[in-house]
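Okay, so here's the structure we're looking at.
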Amino acid sequence: MTMQSVETSTGGGEIRAYLKAHMRDYGLLLALIAIMVFFQLVTGGTLMRPVNITNLFLQNSYIIIMALGMLIVIVSGNIDLSVGSVMGFVGAFAAVMIVELHMPVSLTIAASLLMGAAIGAAQGYWIAYWKIPSFIVTLAGMLVFRGASLWLLDGQSVGPFPPSFQLMSTGFIPDIVPDTLSQPLAAIFGLVKINVLCMGFGIAASVALVWMGLRARAREAAYGIVGEPVNFFWLRTLVVIGAILFLCFKLATFRGLPNVFISMGLLTVLYAFVTQNTTIGRRIYALGGNEKAAKLSGIKTERLTFLAFVNMGVLAAFAGLIFAARLNTATPKGGYGLELDVIAAVFIGGASASGGTGKVIGAVVGAFIMGVMNNGMSIMGIGIDYQQMIKGLVLLSAVIFDVYNKRKQA
Amino acid sequence: MTTILEMRDITKEFPGVKALDRVNLSVAKGEIHAICGENGAGKSTLMKVLSGVYPAGSYDGEIHYDGDLAQFRTLNDSEARGIVIIHQELALIPQLSIAENIFLGNERARNGVIDWNETYRRTEELLRKVGLRESPGTIVDTIGVGKQQLVEIAKALSKDVKLLILDEPTAALQENDSRKLLDLMLELKAQGVTSIIISHKLNEVRYVADTVTVIRDGTTVSRLDAKGLSEDKIVHDMVGRDMSNRYPERIPAPGETVLEVRDWSVWHPDQAERKVIDAVSFHVRAGEVVGIAGLMGSGRTELAMSLFGRSWGRNISGEALLHGKPVDLSTVSGAIAAGMAYVTEDRKHLGLILEESIRFNTTLSNLKGVSAGGVLNEGEETRVAERYRAQMATRTPSVMQKVGNLSGGNQQKVVLAKWLFTEPEVLILDEPTRGIDVGAKYEIYTIINALAAQGKAVIMISSEMPELLGMCDRIYVMNEGAFVGELAAAEASQERIMSLIVTE
Ligand SMILES: Nc1ncnc2c1ncn2[C@@H]1O[C@H](COP(=O)(O)OP(=O)(O)OP(=O)(O)O)[C@@H](O)[C@H]1O
Ligand SMILES: [Mg+2]
């Protein structure tokens with residue numbers, strides 16, 4: 001192999017190589033956009049109504065939150081089948097504390113998150129230190145916590161919750177410009193009233209995205225790393241910014257930023273940062289990529305696996321609280337089967353079942369793809385039977401696309 | 001003599017890498033043809049093109065085999081024409097028996113039901129042919145690498161082979177095992193089988209080959225008649241310049257004792273009554289390169305791994321002192337923190353994360369060195385990876401290249417870089433030059449010497465005795481889990497070492 005030939009070879013080859021290697025990322029983004037456009041058309045515009053967009057976020061918040069933890073579990077080379085049941089169980093636990101025992105909301109939230117951590121630790125212990133396959137341990141966990149929810153609630157639904165608890169899921173952040181001012185102002189100019197905070201948030205996020213993107217490019221250039229071709233960078237960034245501004249505008253014309261949108265957004269940014277930019281994130285990828293090599297590199301693989309499950313437990317508990325708050329009741333069957341949606345989201349997002357690969361952003365986009373499909377198909381009135389079949393096929397196609405891509409590269 | 005294989009103007013590109021650039025190879029019927037070249041020159045790639053691993057159409061150029069134009073789409077296509085390749089990495093299934101491995105995918109069966117009598121009978125025949133005295137039912141995992149290599153060859157022979165390709169078959173073998181394998185090749189030649197062998201061990205090339213093709217940077221440099229050919233000529237063509245010395249000079253200047261190990265004993269992790277390391281004591285001084293010689297299975301790797309964070313074995317007892325003070329080496333991170341590094345002999349399974357980049361792997365053992373407050377500094381990481389890439393002359397288009405895409409020798413350099421970056425005081429090297437070309441070996445030896453000159457203590461485990469003799473100040477000889485002798489550089493020789501092993 002000639003080094004010179006690499007340096008003098010036309011840029012075309014490198015660009016093609018780059019695109020090939022990142023086909024998956026572009027594909028995922030395109031798929032989400034295509035699916036949204038498709039449902040927008042077939043639902044006659046219902047999908048993108050402000051109220052429906054708002055609903056979309058509310059409905060999928062708990063899936064996305066759990067997908068963050070699931071991504072880490074899957075990257076570390078494991079799986080967690082118990083998250084749906086754990087989520088339901090923690091919701092039930094919170095309901096009993098608040099509704100039946102009249103505990104304060106803040107105490108309940110803290111206790112619930114601790115409960116999640118304890119459940120994660122209990123499962124993670126066997127997986128990490130006893131090397132029992134996570135599939136088995138969490139399958140057992142799924143059964144146990146399904147039963148535990150039933151037992152705790154005595155087979156009954158428990159609710160409703162006090163408003164302060166509901167706010168966590170159904171509340172909105174108050175606008176910085178009060179309605180009493182913005183309403184008449186909008187009326188004067190004959191425009192729709194918008195939520196200034198929400199729009200401002202969208203603009204700020206867009207600016208931040210461009211800034212970070214440019215910085216990353218500058219860094220790559222400084223070290224001579226072949227990065228994304230410049231026109232692709234701008235095209236992609238513009239598409240993403242366009243989507244952000246569009247969604248924020250929709251939210252702004254309804255009730256503004258939902259509380260859960262903020263917690264979800266912050267968590268996503270946090271987990272994206274932790275997985276990509278910190279030593280602990282790096283170690284998780286190493287663990288999933290080759291456990292033995294990671295261990296011989298001085299990585300405490302057992303503890304890391306354990307922590308991945310503790311983290312998953314906490315996020316499942318948080319999702320459980322949001323879920324219960326949204327329904328305003330805890331049902332004995334809450335969370336049934338949701339683990340499958342979460343796992344599907346992570347795999348659609350490009351994670352590999354053998355561990356070591358996958359990105360937080362991918363998992364979030366994967367969750368949105370599932371969410372938009374659920375929502376769109378429900379609006380269209382497609383039965384749950386067809387919905388499940390279609391979702392299954394989408395999951396399969398995403399993974400086939402992955403494998404196909406890998407083969408092409410080899 | 002007729003030509004059985006003619007590869008013309010073969011060009012193969014990977015994203016960002018031109019691995020082969022109009023390579024020509026011509027092999028005469030019935031000969032043993034050696035391919036030599038530096039790490040990353042394209043030897044393995046050329047063989048993968050030939051055997052259909054890279055299907056026709058994914059490369060440019062023509063392959064003429066046995067009289068006609070060959071366009072193999074899969075391994076099966078080439079096997080059907082009698083071309084069998086034994087890859088650089090062994091492809092046996094460790095949990096299966098020898099017989100099962102030999103006939104894997106090619107089972108002796110009637111209507112899908114395996115005929116075990118036939119299978120065992122044929123296996124025995126084949127094992128006799130390759131000179132391996134093992135029962136066909138033996139689980140592959142329980143025999144040594146040398147024997148496993150023979151099983152690979154038996155497997156190749158079971159397929160009615162006309163052209164046998166061996167990619168670095170002796171890289172993991174001890175000298176006597178290597179010799180057995182090479183003699184087997186000569187025997188097969190007598191039976192009319194044509195072979196292609198890739199090897200970095202030039203003495204072996206001279207021993208078996210009739211013709212040598214040298215590849216450099218993806219192009220054919222020369223085709224040499226092996227008769228009267230000198231190793232220096234091969235080396236010259238491989239690296240493009242003369243190399244008068246194989247081992248760089250070093251003036252030994254040992255200082256104080258850095259690491260001292262006393263009465264180190266280790267039991268087998270699964271077989272409770274088997275003591276694998278028996279009361280071993282040794283020491284290494286600052287600025288010293290100490291070798292551990294021994295046969296395959298003598299316990300050298302087990303000793304090193306048990307020292308390094310108890311990564312192998314059970315009921316480990318004994319004492320380890322660093323600078324005269326007891327040191328806790330019970331975890332890998334503790335051992336690294338204490339200043340130890342262990343470069344594994346099994347880079348694929350224990351050394352690297354193959355799916356990740358060179359940069360990722362280089363900094364993995366010392367993430368602290370490229371982060372602040374737990375947040376990674378990618379710029380710094382890139383700088384570090386680039387530094388080692390330059391220092392070791394690792395051949396790659398970029399440090400962002402996946403390690404799995406590198407040639408075997410270049411992967412080894414990444415493992416070394418990873419451990420050098422932890423800036424160890426005691427560096428244990430387990431077969432550090434396995435699969436590495438002469439030029440790169442010299443570079444690695446130079447690095448080892450530089451470390452010693454900085455006052456680091458280096459322990460070198462190697463199955464290549466000339467390497468130990470050329471590099472070490474002192475050599476411990478190990479046999480069956482115990483140290484049976486210690487030789488100073490001046491008194492050490494291949495014969496002395498062997499006699500120490502044998503007399504035990
Ligand atoms: N799948 C791949 N993708 C990208 N590059 C590759 C791939 N396979 C091989 N290469 C590159 O092609 C070049 C030739 O590799 P090859 O494995 O043929 O070398 P080699 O001569 O066998 O070296 P060694 O002696 O180290 O085994 C190397 O630079 C390697 O990095
Ligand atoms: Mg090779």
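The values are calculated or read from the model by the stated rules, or taken from the named source; none is laboratory data. Keep in mind it's a predicted model, so treat the numbers as computed, not measured. Counting neighbours? That spans all protein chains shown, and the Cβs are built from the backbone with ideal geometry, glycine included. Accessible surface areas use protein heavy atoms only, side chains included; no ligands, DNA or RNA. Shrake-Rupley method; radii C 1.70, N 1.55, O 1.52, S 1.80 Å.
Among the residues making up the stretch B:412-437, those that are charged (D, E, K, R) and either within 16 Å of ligand 1 (Cβ to nearest atom) or outside any helix (DSSP H, G or I) (or both) are B:Lys413, B:Glu423, B:Glu425, B:Asp430, B:Glu431, B:Arg434, B:Asp437. All of (1) among the hydrophobic types (A, V, I, L, M, F, W, C); (2) over 27 Å from A:Arg326 (Cβ atoms); (3) within 25 Å of the chain's Cα centre (by Cα) hold for A:Ala294 with one exception: (3).
Counting only residues that are open to solvent by 20 Å² or more (accessible area, probe 1.4 Å) and among the acidic types (Asp, Glu), which one in the stretch B:414-430 is farthest from the other protein chains (Cβ to nearest Cβ)? Going through the qualifying residues, I end up with B:Glu425. Among the residues of the stretch A:350-381, those that are surrounded by 23 or more Cβ atoms within 10 Å (Cβ to Cβ) and assigned to a loop (DSSP other than H, G, I, E, B) comprise A:Gly350, A:Ala351, A:Gly356, A:Gly358. Could you tell me which residue of the stretch B:391-413 is surrounded by the most Cβ atoms within 10 Å (Cβ to Cβ), considering only residues that are more than 20 Å from the chain's Cα centre (by Cα) and within 12 Å of chain A (Cβ to nearest Cβ)? Step by step, filter the stretch B:391-413, then rank; the result is B:Val399.
Within the stretch B:466-479, the residues that satisfy the criterion of being open to solvent by 20 Å² or more (accessible area, probe 1.4 Å) and over 20 Å from B:Glu256 (Cα atoms) are B:Pro466, B:Leu469, B:Gly470, B:Asn479. Anything in the stretch B:327-355 that is under 21 Å from the mean Cα position of the chain (by Cα) and among the charged types (D, E, K, R)? List them, or say none. Once the filter is applied, which keeps residues that are under 21 Å from the mean Cα position of the chain (by Cα) and among the charged types (D, E, K, R), the stretch B:327-355 yields B:Glu345, B:Asp346, B:Arg347, B:Lys348, B:Glu355. Picking from residues in the stretch B:164-189 that are aliphatic (A, V, I, L, M) and in contact with a Lys or Arg (Cβ under 8 Å, 6 or more places away or on another chain), the one that is modelled with the lowest pLDDT is B:Ala172.
Looking for something touching a residue at least 24 places away in the same chain (Cβ under 8 Å), out of contact with any Phe, Trp or Tyr (no Cβ under 8 Å at 6 or more places or on another chain) and farther than 20 Å from B:Ser463 by Cβ - is there at least one such residue anywhere in the stretch B:176-183? For the stretch B:176-183, residues touching a residue at least 24 places away in the same chain (Cβ under 8 Å), out of contact with any Phe, Trp or Tyr (no Cβ under 8 Å at 6 or more places or on another chain) and farther than 20 Å from B:Ser463 by Cβ: absent. A:Glu220: assigned to a loop (DSSP other than H, G, I, E, B), buried (at least 16 other Cβ atoms within 10 Å of the Cβ) and within 14 Å of chain B (Cβ to nearest Cβ), yes or no? Answer is no for this residue.
Reported count of residues in the stretch B:261-304, each being of a type outside the set (D, E, K, R), outside any loop (DSSP other than H, G, I, E, B) and out of contact with any helix residue (DSSP H, G or I) (no Cβ under 8 Å at 6 or more places or on another chain), is 11. Taken as a whole, the condition of being closer than 26 Å to A:Ser354 by Cα and buried (at least 18 other Cβ atoms within 10 Å of the Cβ) does not apply to B:Leu329.
Taking every residue in the stretch B:305-332 that is closer than 22 Å to A:Arg303 by Cβ and pairing it with any residue that is of a type in the set (Val, Ile, Thr) and in a helix (DSSP H, G or I), at least 6 positions away or on another chain, the pairs with Cβ-Cβ distances below 6 Å are B:Gly309/B:Val332. Inspect all residues belonging to the stretch B:6-23 and state whether any of them is at pLDDT below 95, over 29 Å from B:Leu184 (Cβ atoms), within 11 Å of ligand 2 (Cβ to nearest atom) and within 14 Å of another protein chain (Cβ to nearest Cβ). Yes, some residue in the stretch B:6-23 is at pLDDT below 95, over 29 Å from B:Leu184 (Cβ atoms), within 11 Å of ligand 2 (Cβ to nearest atom) and within 14 Å of another protein chain (Cβ to nearest Cβ). Tallying residues that are open to solvent by 30 Å² or more (accessible area, probe 1.4 Å) and in contact with a Pro (Cβ under 7 Å, 6 or more places away or on another chain) within the stretch B:440-455 yields 2. Residue count for the stretch B:338-390 satisfying the condition of being open to solvent by 10 Å² or more (accessible area, probe 1.4 Å), at pLDDT 90 or above and facing another protein chain (nearest Cβ under 8 Å): 13. Please work out if B:Ala293 is at pLDDT 90 or above and hydrophobic (A, V, I, L, M, F, W, C). Considered against the rule, which asks whether it is at pLDDT 90 or above and hydrophobic (A, V, I, L, M, F, W, C), B:Ala293 comes out as yes. If only residues of the stretch B:32-86 that are away from every other protein chain (no Cβ under 14 Å) and of a type in the set (Ser, Thr, Tyr) are counted, the one that is farthest from ligand 1 (Cβ to nearest atom) is B:Tyr65.
I'd like the full set of residues that are on the phi < 0 side of the Ramachandran plot and within 11 Å of chain B (Cβ to nearest Cβ), limited to the stretch A:293-316. Across the stretch A:293-316, the qualifying residues are A:Ala293, A:Ala294, A:Lys295, A:Leu296, A:Ser297, A:Ile299, A:Lys300, A:Thr301, A:Glu302, A:Arg303.
Conditions tested, residue by residue: (1) of a type in the set (Lys, Arg); (2) surrounded by fewer than 17 Cβ atoms within 10 Å (Cβ to Cβ).
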{"site": "B:His200", "(1), (2)": "no, no"}
{"site": "B:Val208", "(1), (2)": "no, no"}
{"site": "B:Thr219", "(1), (2)": "no, no"}
{"site": "B:Arg223", "(1), (2)": "yes, yes"}
{"site": "B:Ala226", "(1), (2)": "no, no"}
{"site": "B:Gly240", "(1), (2)": "no, yes"}
{"site": "B:Asn245", "(1), (2)": "no, yes"}
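Counting only residues that are small (Gly, Ala, Ser) and within 16 Å of ligand 2 (Cβ to nearest atom), the stretch B:397-427 holds 4 of them. The set of residues from the stretch B:211-236 being closer than 15 Å to B:His33 by Cβ and away from every other protein chain (no Cβ under 14 Å) comprises B:Thr211, B:Val212, B:Thr213, B:Val214, B:Ser222, B:Arg223, B:Leu224, B:Asp225, B:Ala226, B:Lys227, B:Leu229, B:Ile234.
Answer with yes or no whether B:Ile198 is within 14 Å of another protein chain (Cβ to nearest Cβ), touching a helix residue (DSSP H, G or I) at 6+ places or on another chain (Cβ under 8 Å) and within 16 Å of ligand 1 (Cβ to nearest atom). So B:Ile198 fails the test. Just to be sure, is B:Arg121 open to solvent by 70 Å² or more (accessible area, probe 1.4 Å), basic (Lys, Arg) and away from ligand 1 (no atom under 16 Å from the Cβ)? So B:Arg121 fits the description; yes.
Let's see how each residue does on (1) in contact with an Asp or Glu (Cβ under 8 Å, 6 or more places away or on another chain); (2) surrounded by 16 or more Cβ atoms within 10 Å (Cβ to Cβ); (3) outside the structural domain of A:Met97 (by TED's automatic domain parsing):
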| position | (1), (2), (3) |
| --- | --- |
| A:Phe161 | no, yes, no |
| A:Thr180 | no, no, yes |
| A:Leu185 | no, no, yes |
| A:Ile194 | no, yes, yes |
| A:Val240 | no, yes, yes |
| A:Ile244 | no, yes, yes |
